[in-house]
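These notes are about the structure you will find just below.
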Amino acid sequence: MFDRMMGQFLVESGRLGKGQLAEVYKRQASQRAKLGVIAVSEKLITIAQAEEINALQAVEDKRFGDIAIERGYLNSAQLERLVDLQGNAFHAFSQSLIDLGYMSLEELSAATSDYQFKNGLLDTDMAVLKNDDTERVIDIFVDSNEKYKELFTMGVKDLYRLVDCNLWIGKAYKTTNLKCEVMGFQKISGSENIFLSIAGKYDDVQKVAKAYTKEPFIETEEDALDAVCELINCINGLYVSEQSRKNISVDLEPPVYATTYSEIKAEEAVVLPVYICDGEVKFLISVGTAVNVLMD
């Protein structure tokens with residue numbers, strides 16, 4: 001997820017072109033990051049120390065990790081962790097940027113620091129993002145109570161699993177109304193009253209529908225929105241099943257879709273922007289409040 005966040009930031013800040021970013025992601029798909037790049041990213045060694053080890057490798061037949069331990073820059077436990085991180089998406093992204101010559105390690109380190117400063121993130125937040133721990137990432141991006149965080153975590157995990165493993169999210173925000181071109185929504189009633197919706201521009205929602213159904217020829221608006229409602233029902237169904245195991249009685253109402261710039265009105269709702277399938281949808285949840293959908 002963080003590889004996509006940083007990719008967007010690099011483009012928006014003028015450090016990378018969209019075509020270059022596409023090349024980076026293409027290379028990343030088969031890339032394993034080098035230990036030096038990971039060690040600097042994880043702030044275990046400095047750029048100067050990584051460059052020193054690289055220079056020594058040119059004259060000594062030794063691995064990066066062995067030299068790092070000999071020089072006292074890493075211990076064996078740290079080296080083991082770095083090896084485990086070689087399959088990490090952000091580190092593979094970083095390695096691809098460097099290998100393609102689009103950025104140096106120093107430039108990438110500076111850009112990552114700028115991203116951190118711009119978004120007001122702590123070092124611990126950055127570690128969470130780099131490690132792609134969805135539940136803890138939601139903690140950073142959703143400033144709401146635990147029920148909202150639980151629902152968003154489950155939803156984002158399902159979207160990742162069922163639709164697009166390259167999705168990323170923006171900062172959640174509270175609202176009392178949301179008006180979008182199209183939307184699918186469903187209510188959960190009983191011991192808990194929950195409203196969940198996926199909304200956005202039709203073209204973006206259609207992309208989600210195609211990725212979810214694996215049907216590339218969804219052409220009608222009704223078919224696309226019906227598929228999104230099926231996806232919403234799947235997300236909520238998993239939540240209801242989990243609540244049932246806790247002996248909490250909740251019921252799913254049939255999902256509904258709406259078109260022509262319908263509007264959701266609620267006493268309070270939280271919207272999480274989700275960047276998915278090369279588009280953006282609004283993932284809205286309202287808990288314990290009255291919700292009305294005004295359809296034209």
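Counting only protein heavy atoms and a 1.4 Å probe, the range 37-97 has 50 square angstrom of accessible area per residue. Solvent-accessible area assigned to carbon and sulfur over the chain amounts to 48 percent, based on a 1.4 Å probe. Along the axis of the charge dipole computed for the chain (Cβ charges of +1 for Lys and Arg, -1 for Asp and Glu, origin at the Cα centre), the listed residues Met6, Ser76, Leu97 are led at the positive end by Ser76.
By definition, a body whose alpha carbon gyration tensor gives a ≥ b ≥ c is prolate when a/c is 1.5 or more and a/b is larger than b/c, and the chain fits this prolate description. Using helices alone, what [θ] at 222 nm do you get for the chain, with -39,500 (n - 2.57) per DSSP H run of 4 or more residues, divided over all residues and rounded to the nearest 500? -16000 deg cm²/dmol, from helical runs alone. Considering only Gly170, Ala199, Leu159, and ranking their Cα positions along the charge dipole of the range 138-200 that arises from unit charges at the beta-carbon of Lys, Arg, Asp and Glu, the one farthest toward the positive end is Ala199. For the chain, the residue among Ile264, Pro254, Gly19 whose Cα projects farthest onto the positive side of the dipole built from Cβ charges is Gly19.
Structure remark: mean-square fluctuation, Gaussian network model of the chain, C-alpha springs under 10 Å; the largest value among Phe64, Phe185, Phe93 belongs to Phe64.
Measuring spread by the Cα atoms of the range 178-251 yields a radius of gyration and Dmax of 14.0, 42 Å.
Excluding ligands, DNA and RNA, the accessible surface per residue across the range 145-296 is 47 Å² with a 1.4 Å probe.
Of all the Cα-Cα pairs you can form in the range 188-294, what percent are over 20 Å apart? Spell out each step's value before the answer.
Numbers: 2391 of 5671 pairs.
When every Cα pair of the range 188-294 is considered, 42 percent fall beyond 20 Å.
Of Lys214, Lys130, Lys282, the residue with the greatest mean-square motion in the GNM of the chain, using alpha carbon springs below 10 Å, is Lys214. Largest GNM mean-square fluctuation among Leu167, Leu56, Leu108, using the chain with Cα springs under 10 Å: Leu56.
Counting only heavy atoms of the protein chains and using a 1.4 Å probe, Tyr261 has close to 120 Å² of accessible surface. If you take all other residues with their beta carbon under 15 Å from the beta carbon of Gly120, and give Lys and Arg +1 and Asp and Glu -1, the sum is -3.
Note on the range 188-290: with charges restricted to the Cβ of Lys and Arg (+1) and Asp and Glu (-1), its dipole about the Cα centre is near 360 debye.
Could you give the dipole magnitude of the chain about its Cα centre, charging the beta-carbon of Lys and Arg +1 and that of Asp and Glu -1, in debye to the nearest 20? Kindly include the intermediate steps, with their values, before the conclusion.
Numbers: 31 positive and 47 negative charges, 67 e Å.
For the chain, the charge dipole is close to 320 debye.
Please label the shape of the range 81-134 as rounded, prolate or oblate, based on the square roots a ≥ b ≥ c of the eigenvalues of the alpha-carbon gyration tensor (a/c under 1.5 means rounded; beyond that, a/b larger than b/c means prolate, else oblate). Oblate.
Please give the charge dipole size of the range 232-293, origin at the Cα centre, charges +1 on K and R Cβ atoms and -1 on D and E Cβ atoms. Round to the nearest 20 debye. Could the numbers behind the result be given before it?
Numbers: 4 positive and 8 negative charges, 36 e Å.
It works out to roughly 180 debye.
Judged by the gyration tensor of its Cα atoms, with axes a ≥ b ≥ c, the range 40-130 is prolate; a/c meets the 1.5 cut and a/b is the larger of a/b and b/c.
The values are calculated or read from the model by the stated rules, or taken from the named source; none is laboratory data. From a predicted model like this one, the values you see are computed outputs, not experimental measurements. Neighbour counts are summed over all protein chains in view; Cβ atoms, including those assigned to glycine, are modelled from backbone coordinates with ideal geometry. The protein model used for the area step is the full one, side chains on, heavy atoms only, and it has no ligands, DNA or RNA in it. Shrake-Rupley method; radii C 1.70, N 1.55, O 1.52, S 1.80 Å.
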